[in-house]
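The values are calculated or read from the model by the stated rules, or taken from the named source; none is laboratory data. Note that the structure is predicted; figures quoted are calculated from it, not measured. Counting neighbours? That spans all protein chains shown, and the Cβs are built from the backbone with ideal geometry, glycine included.
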Amino acid sequence: MVLITPHASRLTPHPSHLFNFQHNLTEMNRILLLLTTVALLVSCSTQKKITYLNNLPEPGGVERFTMEIPEYRIQPRDILYITVKAMDPDGLIRDFLAAGNTGVNLSQSESGGALYGFTVNPDGILLIPGIGQLKVSGLMLEEIRDTVQVLADKVFKNATVECKLLSFKFTVIGEVRSPGMYVNYNNYLTVLEAIGKAGGIGDYGNKGRILVVRPFDKGTQTYRLNLNDKKILTSEAYFLLPNDVVIVEPIKQKIFILNLPTISFILGTLTTAFTMTLLYITYIAK
C-alpha cells in the first residue's frame with residue numbers, strides 16, 4: 001500500500017503571496033492614519049472663526065459705529081401695550097387703562113408680570129378706553145405714544161404714557177441650541193440678542209453665515225451677516241423687526257464630522273480583519 005501525502009507547498013502560502021498581503025496591510029494602516037489626520041485637520045477651527053466680532057480694536061482701543069434702528073410701522077392685527085399713569089384723587093399713581101381693560105389680549109412679560117394689550121383692528125383702528133378711537137396703522141410707536149399723550153392730557157392731569165409692541169415675534173432656527181419662535185417685549189432687538197435668546201450658536205453653527213429673512217407687504221428680503229466681522233454693527237439687519245427669521249447655517253464639516261464615527265468603525269473593522277487574516281496565515285506558515 002502506497003501512502004500519498006499532499007505536497008507541503010499546497011498547505012503553505014507562497015512567500016510572495018505573504019509578502020504582498022503584508023504590504024497591503026501596511027498600506028491599509030497608512031491610509032487609516034492619513035484619514036485620521038485629515039479628520040483632525042478638518043474638524044479644527046481657528047480662533048477667528050469661533051469669536052464674535054474678532055476684528056474689533058484690542059482692549060483699550062475705541063471704535064464707534066453708526067447704527068440705524070429700522071422704523072417699524074404698526075400694521076393691522078398688531079397688539080400694543082399702552083399705559084396711561086396718573087395720580088388719582090387719593091394721591092396714588094395708577095394705570096387708568098388697566099383699570100378699564102377687559103383683557104382683550106393678555107401676555108406675560110419676561111419678569112413674569114401680566115401685560116394687557118390692545119389689538120389693532122383690520123382697518124388700522126385702535127380703541128383705547130377713556131380716550132376713544134385712534135388711527136394707528138402706518139404709525140411708529142413713538143408717534144402713537146405722542147398722540148396718546150396729547151389725548152391723555154385732556155382727560156388726566158400730569159399723565160405719563162407708555163407704548164410697547166406686544167406682537168414683536170421673531171424666529172431663530174438652524175444651528176442654535178434652542179430653535180423656536182420667541183417674543184420680544186422691548187421696542188428694539190439685535191440679531192445677537194435674538195441668537196442669545198435661542199441659547200447661542202451650537203457646535204456645528206457657522207458664525208460667518210447668518211441669514212435674516214424679513215417679510216414685507218410686497219415680498220421678502222434677505223440679508224447675509226457675518227458675526228465674526230464688526231461690519232454687522234452697521235448692517236440693516238443688525239436690528240431685527242417683528243416676524244423676522246434668523247437662520248444659522250451649519251459649517252461645511254458638519255456632515256463629515258457626524259459620519260466620522262461610522263467611517264472610523266468601518267476602517268477599524270477592515271484593519272482588524274486584515275490583521276487577523278495575516279496572523280492566521282503566518283501561523284499556518286510556521
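Picking from residues in the stretch 153-178 that are among the charged types (D, E, K, R) and buried (at least 17 other Cβ atoms within 10 Å of the Cβ), the one that is modelled with the lowest pLDDT is Lys164.
Being of a type in the set (Lys, Arg) and either free of Cβ contacts under 8 Å to residues at least 60 places away in the same chain or touching a Gly at 6+ places or on another chain (Cβ under 7 Å) (or both) is a description that does not apply to Lys164.
Taking the conditions (1) outside the structural domain of Tyr116 (by TED's automatic domain parsing); (2) assigned to a helix (DSSP H, G or I) in turn, Gln149 satisfies each one other than (1).
Yes/no per residue for (1) part of a strand (DSSP E or B); (2) assigned by TED's automatic domain parsing to the domain that holds Gln133; (3) closer than 28 Å to Ile131 by Cβ; (4) touching a strand residue (DSSP E or B) at 6+ places or on another chain (Cβ under 6 Å):
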{"position": "Lys157", "(1), (2), (3), (4)": "no, yes, yes, no"}
{"position": "Val172", "(1), (2), (3), (4)": "yes, no, no, yes"}
{"position": "Ile210", "(1), (2), (3), (4)": "yes, no, no, yes"}
{"position": "Ile232", "(1), (2), (3), (4)": "no, no, no, yes"}
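Checking each residue in the stretch 179-196 for being free of Cβ contacts under 8 Å to residues at least 60 places away in the same chain, more than 21 Å from Lys252 (Cα to Cα) and surrounded by fewer than 19 Cβ atoms within 10 Å (Cβ to Cβ) picks out Gly180, Met181, Tyr182, Asn186, Asn187, Thr190, Glu193, Gly196.
If the condition is being buried (at least 17 other Cβ atoms within 10 Å of the Cβ) and touching a Gly at 6+ places or on another chain (Cβ under 6 Å), then the stretch 206-248 contributes Asn228, Ile247, Val248. If you go through the stretch 128-144 and keep only what is without any contact (Cβ under 8 Å) to a residue 12 or more places away in the chain and closer than 14 Å to Asp78 by Cβ, you end up with Lys135, Glu143. Any residue at all in the stretch 70-86 that's farther than 18 Å from Ile128 by Cβ, part of a strand (DSSP E or B) and either modelled with pLDDT under 90 or among the small types (Gly, Ala, Ser) (or both)? Looking for residues that are farther than 18 Å from Ile128 by Cβ, part of a strand (DSSP E or B) and either modelled with pLDDT under 90 or among the small types (Gly, Ala, Ser) (or both), one finds none in the stretch 70-86, hence no. Any residue in the stretch 237-244 that is at pLDDT below 80 and polar (S, T, N, Q)? For the stretch 237-244, residues at pLDDT below 80 and polar (S, T, N, Q): absent.
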